[in-house]
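> Before anything else, here's the structure in question.
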Amino acid sequence: MTDNLRNKEYSPREVEKKWYAFWEKEGLFCADDNGSGKKFSIVIPPPNVTGVLHMGHSLNITLQDILCRYHRLLGEDVLWIPGTDHAGIATQNVVERSLAEKNTDRHQIGRERFIAEVWKWRSQYGSAIIHQLKSLGASCDWERERFTMDEGLSRAVRKVFVQLYDEGLIYRGNYIINWCPRCRTALAEIEVEHEELDGHLYHIVYPYPGGKTGPVVATTRPETMLGDTAVAVNPGDQRYANLPSDHVVLPLTGREIPIIRDKYVDMSFGTGALKITPAHDPNDFEIGRRHGLQELKVIDDDGKMTADAGEYAGMDRFKCRSAVVEALSALGLLVKVEDHKHAVGHCYRCHTIVEPNLSLQWFVKTESLAKDAVSAVKTGNIRIIPEKWSKDYYIWMENIRDWCISRQIWWGHRIPAWTCESCGRVIVAVDDPDLCPDCGSESIVQDSDVLDTWFSSALWPFSTMGWPDNTRLLEQFYPTSVLVTGFDILFFWVARMMMMGLHFKGDVPFHDVYVHALVRDEDGKKMSKSTGNVIDPLSIIEKYGTDALRFTLTAFAAQGRDIKLSEKRIEGYRNFINKLWNAARFSFMHLKEAHETFDLDKKSLCLPDKWILSRLKKTIDEVKEALDGYRFNEAAAALYGFVWHEFCDWYLEAVKPALYGKLSEKDRDSALSVLWRVLRDTIILLHPFIPFVTEEIWHSLPGTKGSVMAAAFPGTGRNAALPPRDPDAERDMDIVIGVITVVRNIRGEMNVPPSLALSVIVQSDNDETINKISRHRDIIVNLARLENLTVSIAGEKPGGTATSVVGDAVVSVLLKGVIDFELEINRLEKKMAKIGNQMHGLSKKLSNMDYLKKAPAQVVEKTRANHEELAGELERLSLNLEKIRSMET
């Protein structure tokens, strides 16, 4: 037994440091790319190099680690490639803030020095997230750790860009994009955070030429009307079938703009007329392209109005909004203003309101790439689990827009495109050119933009394995087995990996995509710093240990259902870790050697031994089936139920007489052999979920060698299969447990001390039931703490007893002379009166409309729950009172 196991409580801090260092030193995370065994591979969704571990990471890493450790136990060669993303905008912002503290900025020090500063920051702080992943027990192959700005990955990025450009799949052009005026860069959809804000809906008249009242349009952004180039109506809208003119006059500008007809317009919204601003709205942009409309940009890259905004030029966009509304009102063109709650996009880094804007950018044509990626899912080459996400995937992919891949920042993969200043030729090449291939000029300038971070991340499954070189790693481990990810990046990252993997490797990047849920607070609300409901995983690990956090997350990781997390729940699973710990400590008091050669199929095994082996076999099958189907919570529930409620609560208690030598030597040998096998297999089964405590216990188990990571999953390899399940033993033990449970419940209900031995009568009309209970009476007497047990054919109910039914048997506990009926009646009546008063107070609250309206919903719900709980308790006490009164007579 290790020194730690001598302690009554598991102390995770020392254990975790010790065993993680041991695993790394022994090379247990390293994949064998020369092995001949079955392969299992997975790549980590690379966290931002600026990142700090949060609960989303914790769930994602835990589930991946469970899969990797499980497949190692199955004897497979496992490759789990870790790494970090260079996180262009996020990292640049961090370093820019650091420069600002030194009273300088990137423009003052220049691009080259700024990039050097970023690399310096990365070397100092960029490994923080990696250390935090290790604290979670992540068994990644750290020798193969990658970074999206590594030389090898940078080479892959350039090759992909150049090839797509040569194939006509990358182009440069004006397109509507999300633009952050503060960061002065384009943003990906996932880099835009939408926040519900109270705004206004402005209803504006657009007059016909000549001044006649025209259609009314509604907008939340009246400043953009200065860039309108049309008003659209649905061709099926009869309200606009016979118009006095096919043009309207744009208010405040005097410009005439056409009325166009497009099926996109929703006839049921407002008046059915839609203002079209192609340069400042993505849907309007698409409509404008279909109808050949002018794209008039009236808001510049700094969020100020352009010269095309006329008299409003130079104004801040929001000041312009106020000025436009005031002018429209003065002209009588503002019909009404409604309060309107709507989602407004903010930059995920600086929280500035994002402006949809027309901009000259680089794009990937996605239509043909998306078709192949859709086909891969429809044909089953890639499975998305749960299946419900496939529908969302199809909708997004079948309506995909070209992908804006350029960013106006300095940190990232610089776009490998150069323009000749002499002849205007654009050169796109893997290697930096020295001169123009057309005119020979040396005056060539590289594009200043960098690629979207998601561009390099899209190559992650194969670039991390050495592509574009044909490496042994790619040959052995690509495609990867599964990708574990959150639904929020299913489209922005996962879909793009599918497109790139199919295009450049001719194969899917992974066979399965497991989409896990969100981790929310205990009330189901999203965790955020602003609401103060964030649970910090590092603090939880410090307080309860990594294993408790991992098991909690896994236990609630049901497919398609968000996790409601609370510290109380984590504390509960910490108790589970302690339960296992103490069960191991108890076992090691008796296990002094291995018992590998014992024949577990012997007919002479006692009932508890047969039963626990059968339940273990069931648990092994359930865990394997659940993990193979990514039903992590079901695997955790099976293990929790087996360990706590079967192994600890029943088996260990039932075999104590044998272990302490109160039975025959043969019974003791059998119990020790079964105990050794059950404990060993249980530790192996639990290892993927709670790796640290299982490793500690493993090293105290007689007959084990090396790490539990290198053990074989029960029933595979050198770990011989258990005998088949024993239904007879399970049925017999169910009856025994049922009788004991009934006695314990009556003891609790009637307030009988556990130390007081009772007399019990079991009656049944079934001879088989009588024989089974009689055969195992010693177990019942021992665990129910009985003075005597009488088993007989069913007859008249004995007087002065409390009774309950177990199957076809009636269990009667003799209480006459054991308890004072009068005293017990008084105790119950007082307790019921107290509960009645409490319920009355809660009922008054729940019938108070003021309370129901003003109190927070969760407070009201808690009041209701308390009332229901007290009602249940009152009903239970009432039944007990009724029982005692019947016994008194």
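The values are calculated or read from the model by the stated rules, or taken from the named source; none is laboratory data. Nothing here was measured: the structure is a model prediction, and the numbers come from that model. Quick reminder, even Gly has a Cβ in these numbers, built from the backbone with ideal geometry, and neighbours come from all protein chains shown. What goes into the accessible areas is simple: the full protein's heavy atoms, side chains included, and nothing from ligands, DNA or RNA. Shrake-Rupley method; radii C 1.70, N 1.55, O 1.52, S 1.80 Å.
> Provide, as a two-decimal number, the C-alpha radius of gyration of the stretch 491-565 over 2.2 N^0.38 Å, N being how many residues it has. If you can, show how the numbers build up before the last one.
On the way: Rg = 16.9 Å, N = 75, 2.2 N^0.38 = 11.3 Å.
The stretch 491-565 yields a ratio of 1.49.
> Per residue and in cubic angstrom, what volume does the convex hull of the Cα atoms of the stretch 1-97 have?
Working: hull volume 16.5 nm³, N = 97.
Spread over its residues, the Cα hull of the stretch 1-97 gives 170 Å³ apiece.
> Could you check the simple spin-label distance between Ser422 and Glu338, using points 7 Å along Cα→Cβ, in nm with one decimal?
6.3
> Given a cut-off of 26 Å, name the pairs among Lys39/Lys592; Lys568/Lys624; Lys18/Lys543 whose C-alpha atoms lie farther apart than that in the structure shown.
Over 26 Å Cα-Cα: Lys39/Lys592; Lys568/Lys624.
> Here is a follow-up. At most 11 other Cβ atoms within 10 Å and a DSSP loop assignment: could you name the trypsin sites (Lys or Arg not before Pro) in the stretch 516-595 that fit? Can you show the working numbers first?
Numbers: sites: Arg520, Lys525, Lys526, Lys529, Lys543, Arg550, Arg561, Lys564, Lys568, Arg569, Arg574, Lys579, Arg585, Lys592; in loops: Lys525, Lys529, Arg561, Lys592.
Sites meeting the loop and neighbour criteria: Lys529, Lys592.
> If you don't mind, another one. With every protein chain left in place, what is the accessible area per residue of the chain in square angstrom, probe 1.4 Å? Provide the component values of the computation, followed by the final result.
Working: 39690 Å² over 889 residues.
Roughly 45 Å² per residue, with all protein chains present.
> Moving on. Give the distance, in whole Å, between the Cα centre of the stretch 313-362 and the Cα centre of the stretch 202-259.
18
> As a test of understanding, state the convex hull volume per residue of the stretch 473-627 from its alpha carbons, in Å³. Kindly include the intermediate steps, with their values, before the conclusion.
On the way: hull volume 33.9 nm³, N = 155.
Cα-based convex hull of the stretch 473-627, divided per residue, equals 219 Å³.
> Can I ask one more? Tell me, what ³J(HN,Hα) does each residue in the stretch 777-785 have, in order and in whole Hz, if you take phi through Karplus 6.51 cos²θ - 1.76 cosθ + 1.60 with θ = phi - 60° and put x for Gly and Pro?
3J(HN,Hα) across the stretch 777-785, in whole Hz: 4, 4, 5, 5, 4, 5, 7, 8, 6.
> Probe radius 1.4 Å, ligands and nucleic acids ignored: give me the carbon and sulfur share of the accessible area of the stretch 767-889 as a rounded percent.
On the way: 3920 of 7740 Å².
The value for the stretch 767-889 is 51 percent carbon and sulfur by accessible area.
> Reachable lysines from Lys854, Cα under 17 Å, same-chain residues fewer than 8 places away excluded?
Within reach: Lys844, Lys845, Lys862.
> Quick one: which of Lys525/Lys853; Lys212/Lys341; Lys579/Lys617; Lys319/Lys341 span more than 28 angstrom between C-alpha atoms? Walk me through the numbers before you get to the answer.
Values: Lys525/Lys853 20 Å; Lys212/Lys341 32 Å; Lys579/Lys617 21 Å; Lys319/Lys341 20 Å.
Cα-Cα > 28 Å for Lys212/Lys341; rest within.
> What ³J(HN,Hα) values, in whole Hz, does the Karplus curve 6.51 cos²θ - 1.76 cosθ + 1.60 give for the stretch 202-218 when θ = phi - 60°, with x put for Gly and Pro?
9, 9, 10, 7, 10, x, 6, x, x, x, 5, 4, x, x, 9, 10, 10
> To check you understand DSSP bridge types, tell me what percent of the beta bridges within the chain (both residues inside) are antiparallel, rounded to 5.
Details: 63 of 94 bridges.
Just about 65 percent of them are antiparallel.
> What part of the accessible area of the stretch 1-105, given as a whole %, is carbon or sulfur when the probe is 1.4 angstrom? Present the calculation step by step, with values, prior to reporting the outcome.
Numbers: 1930 of 4200 Å².
Of the solvent-accessible surface of the stretch 1-105, carbon and sulfur hold 46 percent.
> Show the residues, 5+ positions off or on another chain, whose built amide H is closer than 5 Å to the amide H of Ala87.
Val49
> Could I ask something else about it? Counting other Cβ atoms within 10 Å, which GluC sites (Glu not before Pro) in the stretch 762-817 have at most 12 and lie in a DSSP loop? Please list the in-between numbers first.
Values: sites: Glu768, Glu787, Glu796; in loops: Glu796.
The qualifying sites are Glu796.
> Continuing with this model, one more query. Determine the gain in length on full extension of the stretch His107-Glu571; use 0.36 nm per residue of separation and subtract their C-alpha separation, reporting nm with one decimal. List each step's numbers first, then the result.
Values: separation 464, 0.36 × 464 = 167.04 nm, distance 5.10 nm.
Value of the extension gain: 161.9 nm.
> Still on this model: Evaluate E = 1/(1 + (r/R0)^6) for Glu625 and Lys816, where r is the Cβ-Cβ distance and R0 equals 56 Å; express this FRET efficiency to the nearest 0.05.
Values: r = 51 Å, r/R0 = 0.91.
In this case the efficiency is close to 0.65.
> Then there's this: Compute the angle between helix 88-101 and the longest alpha-carbon principal axis of the chain, please, reported from 0 to 90 degrees and rounded to the nearest 10.
The answer is roughly 80 degrees.
> Just to be sure I understand, if you calculate Cα Rg over 2.2 N^0.38 Å for this structure, which of (i) 0.96; (ii) 1.58; (iii) 1.22 do you get?
The calculated read-out lines up with (iii).
> Same structure again: Just the Cα atoms of the stretch 680-779: what Rg and Dmax do they give in Å?
20.4, 55
> Moving on to the next point. Residue separation times 0.36 nm, minus the C-alpha to C-alpha distance between Arg864 and Ala794: what's the value?
Numbers: separation 70, 0.36 × 70 = 25.20 nm, distance 4.42 nm.
That pair, Arg864 and Ala794, stretches by 20.8 nm at full extension.
> Cα axis of helix 111-125 to longest principal axis of the chain: angle in degrees, 0 to 90, nearest 10?
Helix 111-125 and the main axis of the chain meet at about 10 degrees.
> Relative to the present Cα-Cα distance, how much length would full extension add between Asp434 and Ile395 at 0.36 nm per residue of separation? Before the final figure, lay out each step's value.
Working: separation 39, 0.36 × 39 = 14.04 nm, distance 4.55 nm.
Using 0.36 nm per residue and subtracting the Cα-Cα distance, I get 9.5 nm.
> Could you report the accessible area of Tyr544 in Å², rounded to 10, computed with a 1.4 Å probe on the protein chains as they sit in the structure?
Counting only protein heavy atoms, the figure is 20 Å².
> Separate question: Express the carbon and sulfur contribution to the solvent-accessible surface of the stretch 395-443 as a percent, rounded to the nearest whole number, probe 1.4 angstrom. Numbers along the way, then the final one.
Working: 1040 of 2460 Å².
Result for the stretch 395-443: 42 percent of the exposed heavy-atom area is carbon or sulfur.
> Taking the Cα-to-Cβ direction at Glu442 and at Arg13 and moving 7 Å from each Cα, how far apart do the two end points lie in nm?
Between Glu442 and Arg13, the label points sit 6.4 nm apart.
> Modelling each spin label as a point 7 Å along the Cα-to-Cβ direction, I'd like the Met849/Asp469 distance in nm, to one decimal.
With each label point 7 Å from Cα toward Cβ, the separation is 7.7 nm.
> If you don't mind, another one. Taking the chain as the reference, fit the longest principal axis to its C-alpha atoms, fit the long axis of helix 546-555 to the helix C-alpha atoms, and give the angle between the two in degrees, 0 to 90, nearest 10.
It works out to around 80 degrees.
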